[in-house]
Amino acid sequence: MTVILPLTNSCIKLRLKEPVTTTTTPELPRDLSSPDQELKRAPLIRVLLLKNVATFNIAADTPFTIYSIKNKFTYNGNGKLTTHNTTSSDIKPIEESLKEYDSIVSSVVELTDSHILLGNERFERDAIKIVPSDGEIKINETNYSGDIMIIPQLNDKFLVIEETYVENFLSGVVSSEVPMSWAEDTILAQTVTARTFTLYQKKRHDTEAYHIRKLDLAYKGKSNESAIAVEAVKKSEGIIMVYDQQIFPGYFHSTCGGHTEDAGLVFKKKSIPPLAGVPCGYCEDSKYYRWSREINKNEIVKKLYKSTGNSNSLISLKPIDIGPGGHAGSIKIHTSKKEHEMNANVFRLQIGPKKLLSTAFTISNNGKKVKINGRGWGHGVGLCQFGSQKMGTLGFKWENILKHYYPGIDLIKAY
Ligand SMILES: [Zn+2]
């Protein structure tokens, strides 16, 4: 049975927890002020936790308040949920406290035609926000310390978003992105990289309901958080990379295989010098440096069918448009009836990123199978994590690790 216990006569602290404060900040090579006023606001980030779910579980052993957040988000003409622009309409966002609770045992959240059901409590079918006074809210077995927003979608399913401070989010990300046994400077370099990536996404998606998806980075909320990562985030608070005074997407990946790749080739976007690819020279120890796989041709046809609609038997595959890091821009797919090309990164994700570790590979025909010999793991753009670990153990400082992988950058303290 699910039970929510209402709280009576309680004075709960309703604010979000303060962001971590800096105790010591590494000295920056250049003391530039942030050129971008947008980045100066100690930023909150909205992280997509769940989308298109009919139900999910929630639990909390901490007091919390539920707010109605009417009109905070609206669907635009394309059905995209955006933050409400108060200048374009008379409709004002309303945030009102609905009820306070002292805890909630594991309960199912679901949607009816007129209500959001939260265990045995019901709320009008509007966006609601759950604000913990302290402690954490558990969503489907993962703990989060930020505010949780539950938003009914147009298709009768939910979006679940955590709103929290970027620095808090980064502690969770860094804890899961690299082993905490790695060199301190490697972990610091990873932290600055992840912060740059995150703040770029926030800037890019500022008017949307969420800025970043939980799965874009290895974020597991508070559930996997390490004190080492918390310390690295504190030490580097607010520090980001810029190029030509602009923040850019600080891409990173596991292992480049010898040379990082040009973002222009992989993501078909404008290339800039920090993301154009550099010789790495430090990731030979990674077990993903070289790999090989055999994959059934039938399996490849099946996995590609959804996007190609082509069920003809596969004759051969050929990586083409090879970039400076050896990664393919496209894959030529030759079947019994036609030949077509596909974006190599999309091809990799459809085959399965754990099967086809990267797009830097050669292919040989093995009858019913293809044999793939590859290099590295991930898209190959930006910092190579295994290479950065080698650099850290060799005594390189975090600033120098970043300048190796992202040539031409400046480091600034945005806030
Ligand atoms: Zn590398």
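List the relative contact order of segment 55-156 as a percent without decimals, with contacts defined as Cα pairs under 8 Å and 6+ residues apart. Write out the running numbers ahead of the final one.
On the way: 210 pairs, mean separation 36.9, N = 102.
About 36 percent, as a whole number.
Could you tell me what a quarter of the Cα convex hull surface of segment 55-156 works out to, in nm² with one decimal place? Spell out each step's value before the answer.
Working: hull surface 27.8 nm².
Averaged projected hull area, Cα only: 6.9 nm².
So what is the relative contact order of the chain, in percent, for Cα pairs below 8 Å that sit 6 or more residues apart? Mind showing how you got there, number by number?
Working: 963 pairs, mean separation 77.0, N = 415.
19 percent.
Considering only protein heavy atoms and a 1.4 Å probe, what is the carbon-and-sulfur percentage of the accessible area of segment 55-156? Walk me through the numbers on the way to the answer.
Details: 2030 of 4840 Å².
Answer for segment 55-156: carbon and sulfur cover 42 percent of the accessible area.
What ranking, highest mean first, results for peptides 271-282, 292-303 when packing means the other Cβ atoms within 10 Å averaged over each residue?
Details: 271-282: 20.0, 292-303: 15.0.
Ranked by mean Cβ neighbours within 10 Å, highest first: 271-282, 292-303.
Using a 1.4 Å probe, what is the accessible area per residue for segment 55-156, in Å²? Could you put the intermediate results ahead of the total?
On the way: 4840 Å² over 102 residues.
In whole numbers, segment 55-156 has 47 Å² accessible per residue.
Hey, which aspartates and glutamates would be in cross-link range of Lys302, C-alpha to C-alpha under 18 Å, not counting anything within fewer than 8 residues on its own chain?
Glu294, Glu339, Glu341
What per residue convex hull volume, in Å³, comes out for the chain when only alpha-carbon positions are used? All intermediate terms of the calculation are to be shown ahead of the outcome.
Values: hull volume 70.5 nm³, N = 415.
Taking only Cα atoms, the chain has a hull volume of 170 Å³ per residue.
So how do 127-137, 376-386 stack up, highest first, on mean other-Cβ count within 10 Å? Each step should come with its number before you reach the end.
Working: 127-137: 20.2, 376-386: 28.6.
The peptides rank, most packed first, as 376-386, 127-137.
Placing one identical point scatterer on every Cα of segment 118-178 and ignoring solvent, what is log10 I(q)/I(0) from the Debye formula at q = 0.12 Å⁻¹?
Treating every Cα as an identical point scatterer, log10 I(q)/I(0) equals -0.36.
Kindly report the accessible area of segment 241-282 per residue (heavy atoms of protein chains, probe 1.4 Å, no ligands, DNA or RNA), in Å².
Numbers: 1580 Å² over 42 residues.
Value returned for segment 241-282: 38 Å² of accessible area per residue.
Highest first, please rank the peptides 396-403, 347-354 by the mean number of other Cβ atoms sitting within 10 Å of their residues. All intermediate terms of the calculation are to be shown ahead of the outcome.
Values: 396-403: 21.5, 347-354: 16.2.
Peptide ranking by packing, descending: 396-403, 347-354.
The values are calculated or read from the model by the stated rules, or taken from the named source; none is laboratory data. If you're wondering where the values come from, they're calculated on a predicted model, not measured in any experiment. When we count neighbours, we look across all protein chains shown, and the Cβ atoms used for this are built from the backbone with ideal geometry, even at glycine. Just the protein is used for accessible areas: all its heavy atoms, side chains included, with ligands, DNA and RNA removed. Shrake-Rupley method; radii C 1.70, N 1.55, O 1.52, S 1.80 Å.
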